[in-house]
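Presented below is the structure to which this report refers.
Nothing in this text is a laboratory measurement; each read-out follows from the coordinates by a stated rule. None of the values given here were measured: they were computed from a predicted structure. With ideal geometry, Cβ positions are generated from the backbone for all residues, glycine too; neighbour counts draw on all protein chains shown.
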């Protein structure tokens with residue numbers, strides 16, 4: 001039987017992730033609106049620089065207390081988070097918000113696998129079966145044709161894998177770093193890397209790499225509101241996600257994060273997106289079911 005302390009820790013992790021999932025959907029809405037006026041690379045830049053400023057202010061007011069000692073793992077968390085986010089925002093700009101979010105939220109499936117591989121978290125036979133169901137859901141969402149997966153499908157799957165690697169690393173990093181340092185590793189890389197890509201983009205003529213290249217265009221008028229809203233909700237969501245993964249096992253928290261799909265579909269409809277077709281909807285149901293089964297097995 002689980003102890004009272006274990007139950008409280010579980011409840012904290014679940015609570016943090018539910019709130020994070022909702023705020024992440026709102027962030028996605030602001031990102032989609034921003035993408036109508038700037039490149040995906042620039043959206044990522046503004047999404048992160050706002051977070052760096054907000055977290056920086058928090059650190060000044062209350063200095064971080066941490067042991068450190070894992071700089072390369074900290075950088076890895078930041079780089080994978082940035083790469084996954086770039087793929088995610090590119091999809092947000094080109095496909096319905098619910099579909100883009102569903103691709104991104106395949107991360108809990110991969111998180112459970114990576115937690116088993118790298119953190120020695122146990123997965124039962126039922127959990128493996130649940131993961132298999134999740135992959136069937138991914139196939140239904142991508143609906144590959146005879147020519148294979150589309151660019152959006154590939155970037156969507158990568159956004160899930162990259163995010164899973166970033167989230168799994170948090171389980172180890174939380175033993176060495178302040179939560180804000182972990183978040184800053186992500187937002188710091190996500191601010192510096194776009195600047196470098198802005199500089200080299202004019203010299204690269206490869207349309208197929210438009211998801212990592214872009215010209216910087218200064219926002220005007222209402223676009224500043226979109227950018228600010230995106231940055232604020234992104235920072236809130238990131239902090240809550242990080243705390244969630246620090247409170248409860250990665251597989252459990254990852255499963256709860258599937259609620260983000262529902263929030264994203266609803267927000268997307270408000271923005272004018274169509275409802276998912278029957279096959280895609282079935283895929284979403286399978287992915288959500290997979291997450292619940294993984295959580296139950298733990």
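Some notes on this structure:
- With R₀ set to 25 Å, the beta-carbon distance separating residue 36 from residue 266 gives a calculated FRET efficiency near 0.80.
- Label point distance in nm, residue 120-residue 196, each placed 7 Å from Cα along Cα→Cβ: 3.5
- Highest mobility in the GNM of the chain, judged by mean-square fluctuation with C-alpha springs under 10 Å and restricted to 129, 28, 246, is found for 129.
- Burial ranking of peptide ranges 79-91, 13-25 (average Cβ count within 10 Å, highest at the top): 79-91, 13-25
- Dmax and Rg, reported as Rg then Dmax, of the stretch 175-298 (C-alpha, Å): 18.7, 51
- Centroid-to-centroid, using Cα positions, the stretch 234-276 and the stretch 125-173 are 15 Å apart.
- Most fluctuating residue given options 97, 119, 184, as computed from a GNM of the chain linking Cα atoms under 10 Å: 119
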